[in-house]
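Trainee: Here's a structure for you.
The values are calculated or read from the model by the stated rules, or taken from the named source; none is laboratory data. What you see is a predicted model; the values in this text were computed from it and never measured. Here Cβ is always computed from backbone atoms with ideal geometry, including for glycine, and neighbour counts include all displayed protein chains. Only protein heavy atoms, including side chains, enter the accessible area calculation; ligands, DNA and RNA are left aside. Shrake-Rupley method; radii C 1.70, N 1.55, O 1.52, S 1.80 Å.
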Amino acid sequence: MKTMARPGVFAIVLVAFFIVAGARPAGAAGPLDWPPASAQARPWAFWWWMGSAVNAGDITRELERYQKAGMGGVHNIPIYGAKGFERQAIEYFSPRWMEMLAHSVGEARRLGMDCDMTLGTGWCFGGPNVSDRDANASMVVKTVAVAGGSGMKDRFDPKETQALVAFSEAGETVELTTKIKADGTVDWIAPAGKWKVYAVSQKPSRQKVKRPAPGGAGYMLNPFYGQAIKDYLPRFEEAFAKYEGLRPRAVYQDSYEYNSNWSADFFAQFEKRRGYRLQDQLPALLDDAKENDVIGRVKGDYRETISNLMVEEFMPPWVTWAHDRKMITRTQSHGSPGNLLDLYAAADVPETEMFSKDRNPLVAKFASSAAHVTGKKLTSSETGTWLAEHFTETLGEMKRLQDELFVSGVNHIFYHGTCYSPDDAAWPGWCFYAATEMNPRNAIWHDVPALNAYVARCQSVLQAGTPDNDVLLYWPIHDLWHSLNGMVMPLTVHHTDWLTQQAIGRDAKMLWGRGYGFDYVSDRQLKSAPARYRAVVVPPCSHIPVETMAKLIELARGGATVIFHDRLPEDVPGLGELEKRRAELRKLAMELNFTAGEKFKAAAVGEGRIVVGDLEAALAAAGAAREPLADHAGLLFIRRTWEGGHHCFIANQGEKALDEWVPLGRAAKAVALLDPLTGRAGFVATRDADGRSAVRLQLEPGQSVIVRTFSAEAPDGAKWAYEEFAGKPIDVTGKWSVKFVQGGPELPDAYETSTLASWTERADERAKAFAGSAVYTITFDAPPGAQRAILDLGKVCHSARVRLNGSDVRTVIMAPYRVRVDQLKDAGNVLEVEVTNLSANRIRDLDRRGVKWKNFEDINVVNIDYKPFDASKWAVRESGLMGPVTVTALKQD
């Protein structure tokens, strides 16, 4: 494995990218330019079609609005309908529905955007063409006690009974499945002793497609039954065979919400993969065995088989189907009981999500690791699901969430999301129940272009080059699968003990906190992992497959450093050929000749070595560079290489502002800073810090920056402008004129004030219900001699466009609401601040007046706790410019 140092990740989110060598990034015109923002680099959105009650005119109007706001694409998901529009509903996959799909894709491409689609309606895969046999299945077990010398009185359906096996207290096993007669009786007399007979069959779990559209309702597929997905696809083949429009870019599978633990051919698939009959170990699988070790091994084999079936039987058919039709695939794998790394990697674009407060970057990294290790360019994310209560989310909160995702390896944002809504639908139009309403009807949309431009700049860099992590962190999933509890083990983003309470979670937390860049790797992926990593780390674990141990030794022989944290694994997983495999593992371990050191022992193997002991000491010996950024509380980062260097995205997710010289984890002869929120860029001076290049970073909480490094001497270009104040803040005082310019339900009256406060405090009742924008205007004099200054708006609810002397300055979407202003006049500067609030007060007003706007089928609209939504008792939310507004002179260059 080759060496490539990569920064670590911490508690602040800073975005820094280092580019070495070349004079400019790929596609950029100059060394300080941003790469071109393709449609793929701009943010996309889940686009729900309620009842598929869509028409061509409104589709075009909506897509044009999305494009104007800086979005790059949409993801079409048909769902339940809006009440009163049943006659406009279009049956899924009807000729008319396919016409609307073709119009959507065609219009998106015309506008320089693109379009994906779910492979079905709602979620997950399923629908009216799913039979009982193909549907989610539950294992059904019946046990019968039989005394020696007795027969069985119970009858069993020979067509439905998959296994009938008798077990004696003495450990004997008798296969009875073939002894079931046509009439259901069993041709068997129990030998002496006490016997327990297990009968296994299955039944549909009755899990149906969630939130289906007309024509899409039905059972969900069984993801453990390969035939099910093969039976599912002909419906799509038939629809697309007659389709003459442009094909969507991708087809999609949502997060795992199937309810299944069995399949019609499970016994055969298990024996094929594990080498023994599960029928003979039913007591262990069902917690009736006496030995916990046997129970753990059988359950581990059961869970590995489930994973194999999803990876090898369920995923390939629909991925291949898409590829054959020139479409790519996206998949969310979290929630499944299989190996997430292998499942994410089975699609072209692995997709993660952060749901409400369930925001663990170490979980999100499973998707990006699958992409990095298997050479995929994109990692997407469902973004903004229950970010906050409906209509209370701010653009600043969304930006912080996006930064968390960026440092987790995500580089393809999908807002969750936007609803198609006809223009004649009363405000707030059609709404999805679990979304940040990222649509043109929501007040925050007015300043969404600033956020979208930020995402596009970040992703144009994050999609370029290659990941720059030093460490591969092996996932010893067999330790997890050997758990004695239950059967299937869902690995969700909500309950993450499967990671945090395991050794891999503890090692991942240490690597992240100490600034080591890493990717997770599975047993399967280890076989073909790229050679750019400095070290492979195996967390403390008990079980490791012989094949994996052999592969690790092979990697060492080829030059890699393989680090076993604390100890070598001592056992193999599973039950089949147990002693044979144990002997093979012992033999591999005995071939390693270790030399003891102070903190670890090491064995030379070919061109590399195997190390056992203290993890951080071993990493240092392997040359895995740590990012010193990690020492600053709240700084988070991710690094990528470019042809000649590196980019490092750094975000300050902490509580404190940073203004310090920070050492970089990669060598550089020149460094530039790029601000993705404003687009400004410039070269900065560096200083030596114990042999590393250090740069000065100024980052307020919530801010981010990209560090671009060059391995060659600095090209010509502008210098970065730091904030160096020349005096104290001066209050901007006088009479403000306030005029409401857009929004509803009605525009409040204009007014003048010398005291800034929330516009909801005025006697005008219309202001308390208003959602939209108001322009605050004042004339002020510059600080004496100042041409450049920082204009600080103070408290803003919740975003603002700033204009000075008739020229746009920029849009600010989060605290601190500060802008740099140039070309100040000595006197008579005209400042205009167009402030946009949230839609919360307008929604409150609707509910207080009893206006019926929550008018949708299925779940309708619920609150963040999944209770009926009611904003009538909300307090009025502050809105507008509240200041104090100050201006502070900057030192002249």
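Trainee: On the basis of being in contact (Cβ under 8 Å) with a residue 24 or more places away in the chain and of a type outside the set (Ser, Thr, Tyr), does Ala618 make the cut?
Mentor: On the way: in contact (Cβ under 8 Å) with a residue 24 or more places away in the chain: yes; of a type outside the set (Ser, Thr, Tyr): yes.
In short, yes.
Trainee: Being surrounded by fewer than 22 Cβ atoms within 10 Å (Cβ to Cβ) and within 20 Å of the chain's Cα centre (by Cα) is the filter here, so list the residues in the range 458-483 that pass it.
Mentor: Matches in the range 458-483: Gln463, Thr466.
Trainee: Does any residue in the range 216-242 that is under 18 Å from Leu101 (Cα atoms) and of a type in the set (Lys, Arg) come within less than 8 Å, Cβ to Cβ, of a residue that is open to solvent by 10 Å² or more (accessible area, probe 1.4 Å) and not in a helix (DSSP H, G or I) six or more places away or on a different chain, and which pairs are these?
Mentor: Arg235/Phe93; Arg235/Asn129
Trainee: Just one of (1) under 26 Å from the mean Cα position of the chain (by Cα); (2) at pLDDT 95 or above; (3) not in a strand (DSSP E or B) trips up Val74, so point out which.
Mentor: Just one mismatch for Val74, condition (3).
Trainee: Determine, yes or no, whether Thr320 is part of a helix (DSSP H, G or I), open to solvent by 10 Å² or more (accessible area, probe 1.4 Å) and among the polar types (S, T, N, Q).
Mentor: Taking the combined requirement at face value, the residue satisfies it.
Trainee: Okay, moving on. Given the structure, is Asp342 at pLDDT 95 or above, of a type in the set (Asp, Glu), closer than 25 Å to His412 by Cα and touching a strand residue (DSSP E or B) at 6+ places or on another chain (Cβ under 8 Å)? Give the steps one after another, and end with the answer.
Mentor: Details: at pLDDT 95 or above: yes; of a type in the set (Asp, Glu): yes; closer than 25 Å to His412 by Cα: yes; touching a strand residue (DSSP E or B) at 6+ places or on another chain (Cβ under 8 Å): no.
Answer is no for this residue.
Trainee: While we're here: Consider Ser356 carefully, then state whether it is in contact with a Phe, Trp or Tyr (Cβ under 7 Å, 6 or more places away or on another chain) and at positive phi.
Mentor: For Ser356, the condition - in contact with a Phe, Trp or Tyr (Cβ under 7 Å, 6 or more places away or on another chain) and at positive phi - is met.
Trainee: Being of a type outside the set (S, T, N, Q), buried (at least 22 other Cβ atoms within 10 Å of the Cβ) and within 22 Å of Leu395 (Cβ to Cβ) is true for just one of Val796, Val775, Val802. Which residue is that?
Mentor: Val796
Trainee: Just one of (1) without any contact (Cβ under 8 Å) to a residue 40 or more places away in the chain; (2) among the polar types (S, T, N, Q); (3) at positive phi trips up Ser807, so point out which.
Mentor: (3)
Trainee: State whether the residues of the range 231-247 include one that is touching a His at 6+ places or on another chain (Cβ under 8 Å), small (Gly, Ala, Ser), in a loop (DSSP other than H, G, I, E, B) and within 30 Å of Ser52 (Cβ to Cβ).
Mentor: Yes: the range 231-247 contains one or more residues that are touching a His at 6+ places or on another chain (Cβ under 8 Å), small (Gly, Ala, Ser), in a loop (DSSP other than H, G, I, E, B) and within 30 Å of Ser52 (Cβ to Cβ).
Trainee: Please go through the range 305-321 and pick out each residue that is farther than 12 Å from Gln227 by Cα, aliphatic (A, V, I, L, M) and under 22 Å from the mean Cα position of the chain (by Cα).
Mentor: Listed by number, the residues that qualify are Val311, Val319.
Trainee: From the list Lys587, Lys551, exactly one residue is more than 27 Å from Thr374 (Cα to Cα) and in a helix (DSSP H, G or I). Which is it?
Mentor: Lys587
Trainee: For the subset of the range 625-643 comprising residues that are in a loop (DSSP other than H, G, I, E, B) and open to solvent by 10 Å² or more (accessible area, probe 1.4 Å), which member is nearest to Met510 (Cα to Cα)?
Mentor: Taking the range 625-643 as the starting set, the residues that turn out to be in a loop (DSSP other than H, G, I, E, B) are 625-627, 632-634, 643.
Filter again for open to solvent by 10 Å² or more (accessible area, probe 1.4 Å), leaving 625-626, 632-633, 643.
On the way: Ala625: 14, Arg626: 12, His632: 15, Ala633: 14, Glu643: 30 Å.
Top of the filtered list is Arg626.
Trainee: Only one of these is closer than 16 Å to Ala603 by Cβ and surrounded by 23 or more Cβ atoms within 10 Å (Cβ to Cβ): Val538, Val521. Name it.
Mentor: Result of the check over Val538, Val521: Val538.
Trainee: If you check Leu697 against the conditions, is it within 27 Å of Gly634 (Cα to Cα) and either without any contact (Cβ under 8 Å) to a residue 40 or more places away in the chain or assigned to a loop (DSSP other than H, G, I, E, B) (or both)?
Mentor: Details: within 27 Å of Gly634 (Cα to Cα): yes; either without any contact (Cβ under 8 Å) to a residue 40 or more places away in the chain or assigned to a loop (DSSP other than H, G, I, E, B) (or both): no.
Criteria not met by Leu697.
Trainee: Being without any contact (Cβ under 8 Å) to a residue 60 or more places away in the chain and open to solvent by less than 30 Å² (accessible area, probe 1.4 Å) is the filter here; which residues of the range 553-570 pass it? Quick ask: steps written out before the conclusion?
Mentor: If we filter the range 553-570 for residues that are without any contact (Cβ under 8 Å) to a residue 60 or more places away in the chain, which is where we start, we get 553-554, 556-557, 562-564, 566-568, 570.
The answer is Ile553, Ala556, Val562, Ile563, Phe564.
Trainee: How many residues are in a strand (DSSP E or B) and touching a residue at least 40 places away in the same chain (Cβ under 8 Å) if we restrict to the range 145-180? Talk me through it step by step, then tell me what you get.
Mentor: Looking only at the range 145-180, we keep the residues that are in a strand (DSSP E or B), and these are 145-147, 163-168, 173-175, 180.
If we keep only those that are touching a residue at least 40 places away in the same chain (Cβ under 8 Å) too, we end up with 145-147, 163, 165, 167, 173, 175.
Counting residues in the range 145-180 that are in a strand (DSSP E or B) and touching a residue at least 40 places away in the same chain (Cβ under 8 Å) gives 8.
Trainee: What's the total number of residues in the range 77-119 that are in contact (Cβ under 8 Å) with a residue 60 or more places away in the chain, farther than 16 Å from Met50 by Cβ, within 26 Å of the chain's Cα centre (by Cα) and open to solvent by less than 20 Å² (accessible area, probe 1.4 Å)?
Mentor: So the count comes out to 5.
Trainee: Restricting the range 662-677 to residues that are part of a strand (DSSP E or B) and out of contact with any Pro (no Cβ under 8 Å at 6 or more places or on another chain), which is nearest to Arg626 (Cα to Cα)?
Mentor: If we filter the range 662-677 for residues that are part of a strand (DSSP E or B), which is where we start, we get 662-663, 670-674.
Remaining after also requiring out of contact with any Pro (no Cβ under 8 Å at 6 or more places or on another chain): 671, 673-674.
Details: Val671: 19, Leu673: 21, Leu674: 23 Å.
Among residues in the range 662-677 that are part of a strand (DSSP E or B) and out of contact with any Pro (no Cβ under 8 Å at 6 or more places or on another chain), the one nearest to Arg626 (Cα to Cα) is Val671.
Trainee: Restricting attention to the range 46-69, and to residues there that are within 27 Å of Thr379 (Cα to Cα) and touching a helix residue (DSSP H, G or I) at 6+ places or on another chain (Cβ under 7 Å), which single residue is surrounded by the most Cβ atoms within 10 Å (Cβ to Cβ)?
Mentor: So, considering only residues that are within 27 Å of Thr379 (Cα to Cα) and touching a helix residue (DSSP H, G or I) at 6+ places or on another chain (Cβ under 7 Å), the one surrounded by the most Cβ atoms within 10 Å (Cβ to Cβ) is Leu63.
Conditions (1) open to solvent by 50 Å² or more (accessible area, probe 1.4 Å); (2) polar (S, T, N, Q); (3) at positive phi; (4) part of a strand (DSSP E or B), marked per residue:
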position: Gly679; (1), (2), (3), (4): no, no, yes, no
position: Val707; (1), (2), (3), (4): no, no, no, yes
position: Ala712; (1), (2), (3), (4): no, no, no, no
position: Ala721; (1), (2), (3), (4): no, no, no, no
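Trainee: Among the residues of the range 346-353, is any surrounded by 23 or more Cβ atoms within 10 Å (Cβ to Cβ), touching a Phe, Trp or Tyr at 6+ places or on another chain (Cβ under 8 Å), among the charged types (D, E, K, R) and modelled with pLDDT of 95 or more?
Mentor: Among the residues of the range 346-353, at least one is surrounded by 23 or more Cβ atoms within 10 Å (Cβ to Cβ), touching a Phe, Trp or Tyr at 6+ places or on another chain (Cβ under 8 Å), among the charged types (D, E, K, R) and modelled with pLDDT of 95 or more, which makes the answer yes.
Trainee: Also, quick follow-up: Would you please name the residue that is nearest to His446 (Cα to Cα), looking only at residues in the range 823-845 that are out of contact with any strand residue (DSSP E or B) (no Cβ under 7 Å at 6 or more places or on another chain) and without any contact (Cβ under 8 Å) to a residue 60 or more places away in the chain?
Mentor: Looking at the filtered set, the residue picked out is Gln823.
Trainee: May I ask you to verify whether Pro361 is surrounded by fewer than 24 Cβ atoms within 10 Å (Cβ to Cβ) and either at pLDDT below 95 or within 30 Å of Gln703 (Cα to Cα) (or both)?
Mentor: Working: surrounded by fewer than 24 Cβ atoms within 10 Å (Cβ to Cβ): yes; either at pLDDT below 95 or within 30 Å of Gln703 (Cα to Cα) (or both): yes.
Yes, satisfied.
Trainee: Then there's this: Sort out which residues of the range 778-793 are surrounded by fewer than 17 Cβ atoms within 10 Å (Cβ to Cβ) and in a loop (DSSP other than H, G, I, E, B), and write them in order of number.
Mentor: Hits for the range 778-793 are Asp781, Pro784, Gly785, Gln787.
Trainee: Pairs under 7 Å by beta carbon, first residue closer than 14 Å to Asp479 by Cα in the range 283-297, partner open to solvent by 80 Å² or more (accessible area, probe 1.4 Å), six or more apart or different chains?
Mentor: Ile295/Asp287
Trainee: Mind listing whichever residues of the range 515-557 are among the small types (Gly, Ala, Ser) and either within 21 Å of Ser483 (Cβ to Cβ) or under 27 Å from the mean Cα position of the chain (by Cα) (or both)?
Mentor: Gly515, Gly517, Ser522, Ser528, Ala529, Ala531, Ala535, Ser542
Trainee: Follow-up. Restricting attention to the range 367-403, and to residues there that are in a helix (DSSP H, G or I) and touching a Pro at 6+ places or on another chain (Cβ under 6 Å), which single residue is surrounded by the fewest Cβ atoms within 10 Å (Cβ to Cβ)?
Mentor: Looking at residues that are in a helix (DSSP H, G or I) and touching a Pro at 6+ places or on another chain (Cβ under 6 Å), I get Ala371.
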